[in-house]
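Below: one structure, written as structure tokens.
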Amino acid sequence: MMLPGLFLLFFINYLPLILGAPIAFMRYEFVADSTFVGVQNFSSILYDTRFWDSIWKTFYYAILVVGLGFWPPILLAIMLDEVPTNTLKYIYRTIFYLPTIVSGIIMVFLWKQLYNPSEDGFLNQIIMSVNTFGPVAATVVKLILITFWLSLVGFVIYCFFKLKELSIPVRGAILAFACALIVVTVSPFIDAWIGPSDLIIEARNLVKSEVSGWSGLLAFLTNFYGTFDVKAFGWVSDASFAMFGCVLPMVWAGAGPGCIIYLAALKTVPEDLVEAATIDGASFIQKISYITLPRVKLLILIQLMGAIVGALRGGTNFIIAMTNGGPNGATRTLGMDIFERAFTELEYGVGSAMGWILGGIMIVISCYQMIRMSQSKFRTADQAEREKNDNKQ
Amino acid sequence: MPVLTKIEAKSPKGKLFHLAIIVALFVGSVTMIYPFLLMFSSAMRSKMDEKDMSIVPVFLKDDDELNRKFLETKYDFNFVTARNYRRVGKGIDFKNIAIPAKANKSLAAEWTKFIKKNKLPNHWQVLGGTLHYGPVVSQVYDIYLKRVKKAYNNDLKSLCEELGIPFAVWDEFDWGIPLWTSTRYSVMKSKAMDEYIKLMNELPLAYRSPINLTTTFLTNVIFIKYGNTNVTKYNLAHKIKIKNYDEFQLPQKIPPKTQPCLREEWKDFVFNSINVSFVRSDASDEEYQSYLKKTYKSIDKLNHYRIGFEVKDFTDISLPKDDEWITSTIRFDYENFLKQIDIERIYLVGPEFMWQKYLARKYKSVKQLNSALNTNYMAIKDCTMPISHIEKLYVDSHKSELRKRYALRNFKVVWKGAVSQGPAVKNTLLYVFYALLFALTVQPLAAYALSRYQPRGMWKILFIFVATMAFPPMVTTIPMFLIYKKLHLINTIVGLALPVCINGYLLFLLIGFFDSLPKHFYEAATIDGASEFRMFWQITMMMSKPILAVVALQTFIGVWASFMMPLIFAPAEEKQVLAVWVHQFQLDAPTSAVFACILIASIPTMVIFMFAQRTIMRGIAVPSEK
């Protein structure tokens, strides 16, 4: 009975793969005859700095996608679960699911509009609207933002010291995150203390003692009060932000649909455990970290694997539509590079060889994911409910 | 299961906590909804206000903005056209075009009376909004196209032959607007032209633009020389002081010698930049006849050179009347005749001079005119045609109708292109149908086999299913294309549906669900001698309707969003699916129409999610330790 499935799979996935395999060893021509060149494609890639650059870009992209996009669904699910009434829950769920209705590539067109780098651009209009605040209002807004940021850092540090019972790797991760936040917080001050580099000082005719040390720090501190001076930002046409800009729409669109699986998982958390913990006087954060999260740990792990694989292979469509690898190769990930080689530079053999390398990297991660999955049992929420009732009887 | 228990929630701290969560989610949902609202409002815009970011398009509230939209549509989205026929103030685009603060009703009524009394010749006016601008066209174009279709009995070929323009489909039809003022313009007699003239005389005055010689002079001579925004250069050259070009009025006769610069420009305009049909002189017919006699010597020679011209004697020839269109046959002679007579005798003819003459005859003095029409002209020769007032009056009396029309036009275009006329929606529905058919047979079959017999290497088999997903799709695209070509699956909807129907995640889901079905059903069925297929169909399939709904839903969403696959494997126009159509559409459509397109394309997924949220939730499988 599996035959149709297997046949289709063979026909659609494996046959092209098998037929495509020799191409990686050829100088492939679309119209003329192709010639066999052995492992030349592979060797030429490995000695190409562009390839290594795109490998680095791929990992950078994956880190951004996983680092920014992985936790919002979990947080959102926990928050949605706390919403008291069902109607509100339904409304919020629908709202956060909205981005899905705009299918993938079309969402990029929307965001491209928002990212318009001119002063008319939507996001630029928003960030530049703070310029209109008076000095007092601006100071208040700045103070609120600083307080918000500091309380976030404080919260993470608090979590590290409060949640002593967590396993060491998890505590380590929290500590690393806390350290990263502290570094991000402190680094502008250190930068201000050190001052600009000698080259810049020379170019702008500055006096070193005036722009570094205490005076530099004081000058930096003046930024914390008074009016804003925000200028139009380049968004995806700004090389340092481009990759981030490609990831942001995905994070935005992924939170709602991603949270649904966690919502289902949260339903399987037994009520009595939570109640017992409450009676014992556990705080909200303790309940979340000792009861809820461990219950969905396996799901989180599997999702994480999936997210990593997805991040490494995916996103090419988005990047093509959003920046097409630019500006200046800042968003040229491996998938993008393959696309460029195969379809723009018409070196299909080289592109194919790169595809095999990428596929090889990902099969390793997929394997681990599969092993973890094979050790677990999949149940829908209905089934879990039914089983729970069976156990009670 | 909420972490905050019901008892905790009742305490003030718990209430505060709930409030905080609701507020945080509210902020989050604003960031989700705002772009959509923006998209919705953008879908109602046009080229003119595309860059606006307000949630409610300005023209829905503001009358002036609506008026500007009307102008934009009337002048075919082309600001230069508008500048040719109308004074635009300091504007450099439709967004800043000058609109009178208040419509002068008496002035507009006077103009209507004037038009009724002196029927303007056809070559003194044009009809706006008949151009084909991208996929979004004006209502006038729609009416015009309908008339043309009727005039040609729906025969596109005869239209193409008559106009000499090859149109592939009716919707491409567009032959431009008649360029009456252009020096070498010649009218092509055609049924399309006749319909144009007929329609021009039928539609409200606001849709017409009389030829404006002043603005034509400005565009063709002054703006080229001095730029169109700043008057300082112009003032410097002419040694006068005008605040802006709106104050400028073209004199009917050559300016006096005290204005040498303007004199030169006027001369240049009359002889080089304007159609001679708008130039007349006070010469008598005899002068003209003697000029022709001198040039051609005999009447036979004249008839020979003027193709299609038959006159018996020179005395039969007369000078054209003021409102007569000078055909290309006699244009050359007439032009040369004008060049050799004294320049002081030449004068311009056109609607604006006729209007001034009409006003002068009716009101005698400027004072009388100003008090009767509520105006403040310095002299009758300063009177401009009150087109802006006519337009304003029309817009003011048709506000809601125009608003509705402008807000919906992008949607209408998309609806017409994708749903009511194009094959896109039909193809997509077929695509969805095949994909569902395959997905709901192949996957349950495979899952049934894996779940019921639990073959030893089940995970290995599953692994095979999933491992292929690790390879980037570009690697397999070309081999797959070659295979498809060999099997003649290119440009078939079935071919598109094949790869969609097997999906690792959905297979997991099915296996998990089938595993949970009670085993004793199968045992009983086996004892009763049921065949394997019957068990599959009557037990498994019948009992797993909820999960099949989930599979169907996921497949549907996947199919609806798939783009690269149809783009590469079904490129033919009659096999286009919606996503490809959207892609094609956004290449040459204005952004606002693209947004309308996106919105229409996402209605089905939206509706399905609204109603199938529970089904989706039900189908989510959560892993737990064995």
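The values are calculated or read from the model by the stated rules, or taken from the named source; none is laboratory data. Just so it is clear, the model here is predicted, and its values are computed rather than measured. Quick reminder, even Gly has a Cβ in these numbers, built from the backbone with ideal geometry, and neighbours come from all protein chains shown.
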Original post:
On the given criteria, is B:Lys367 among the basic types (Lys, Arg), surrounded by 12 or more Cβ atoms within 10 Å (Cβ to Cβ), over 41 Å from the mean Cα position of the chain (by Cα) and within 30 Å of B:Val88 (Cα to Cα)?
Top reply: no
Original post:
Pairs, please: C-beta under 7 Å, at least 6 apart or cross-chain, first residue among the charged types (D, E, K, R) and in the range B:99-122, second modelled with pLDDT of 85 or more and in a helix (DSSP H, G or I)?
Top reply: B:Lys105/B:Leu393; B:Glu110/B:Leu373
**OP:** Out of A:Phe339, A:Phe284, report the one residue that is under 30 Å from A:Pro117 (Cβ atoms), at the interface with another protein chain (Cβ under 10 Å from one of its Cβ atoms) and at pLDDT 80 or above.
**Re:** A:Phe339
**OP:** Name every residue in the range A:219-253 that is more than 29 Å from B:Gly28 (Cβ to Cβ) and at pLDDT 85 or above, in order of residue number.
**Re:** none
Original post:
For the range B:366-422, list the helices (runs of 4 or more DSSP H) that sit wholly inside it and hold at least 2 residues that are in contact with a His (Cβ under 6 Å, 6 or more places away or on another chain), without any contact (Cβ under 8 Å) to a residue 60 or more places away in the chain and not hydroxyl-bearing (Ser, Thr, Tyr); which are they?
Top reply: none
**OP:** Could you tell me whether any residue of the range B:295-311 is modelled with pLDDT under 85, at positive phi and not assigned by TED's automatic domain parsing to the domain that holds B:Trp111?
**Re:** yes
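Conditions (1) aliphatic (A, V, I, L, M); (2) more than 30 Å from B:Arg280 (Cβ to Cβ), marked per residue:
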| residue | (1), (2) |
| --- | --- |
| B:Gly350 | no, no |
| B:Trp355 | no, no |
| B:Arg361 | no, no |
| B:Ala372 | yes, no |
| B:Tyr394 | no, yes |
| B:Tyr406 | no, yes |
| B:Leu436 | yes, yes |
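Conditions tested, residue by residue: (1) within 14 Å of another protein chain (Cβ to nearest Cβ); (2) aliphatic (A, V, I, L, M).
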site	(1), (2)
A:Val170	no, yes
A:Cys179	no, no
A:Asp198	no, no
A:Leu206	no, yes
A:Val211	no, yes
A:Thr227	no, no
A:Gly256	yes, no
Original post:
Under 6 Å by Cβ, and 6 or more places apart or on different chains, what pairs join a residue from the range A:345-367 that is outside the structural domain of A:Thr316 (by TED's automatic domain parsing) with one that is surrounded by fewer than 18 Cβ atoms within 10 Å (Cβ to Cβ) and part of a helix (DSSP H, G or I)?
Top reply: none
Original post:
Within the range A:174-204, can you find the residues that are over 22 Å from A:Phe224 (Cβ atoms), surrounded by 13 or more Cβ atoms within 10 Å (Cβ to Cβ) and small (Gly, Ala, Ser)?
Top reply: A:Ala178
Subject >> Residues of the range B:1-44 satisfying the condition of being assigned to a loop (DSSP other than H, G, I, E, B) and either polar (S, T, N, Q) or facing another protein chain (nearest Cβ under 7 Å) (or both) >> reply: B:Met1, B:Pro2, B:Val3, B:Leu4, B:Thr5, B:Ser11
Original post:
Quick one: is A:Phe318 assigned by TED's automatic domain parsing to the domain that holds A:Leu80 and free of Cβ contacts under 8 Å to residues at least 40 places away in the same chain?
Top reply: no
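Picking from B:Ala525, B:Ala561, which residue would you name as being more than 15 Å from B:Leu440 (Cα to Cα), crowded, with 16+ Cβ neighbours inside 10 Å and more than 13 Å from chain A (Cβ to nearest Cβ)?
B:Ala525
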**OP:** Could you tell me which numbered condition B:Asn122 fails, if it satisfies all but one of (1) more than 30 Å from B:Lys243 (Cβ to Cβ); (2) at pLDDT 90 or above?
**Re:** (2)
Subject >> Residue list for the range B:54-82, filter: crowded, with 18+ Cβ neighbours inside 10 Å and either acidic (Asp, Glu) or part of a loop (DSSP other than H, G, I, E, B) (or both) >> reply: B:Pro57, B:Glu65, B:Glu72, B:Tyr75, B:Asp76, B:Phe77
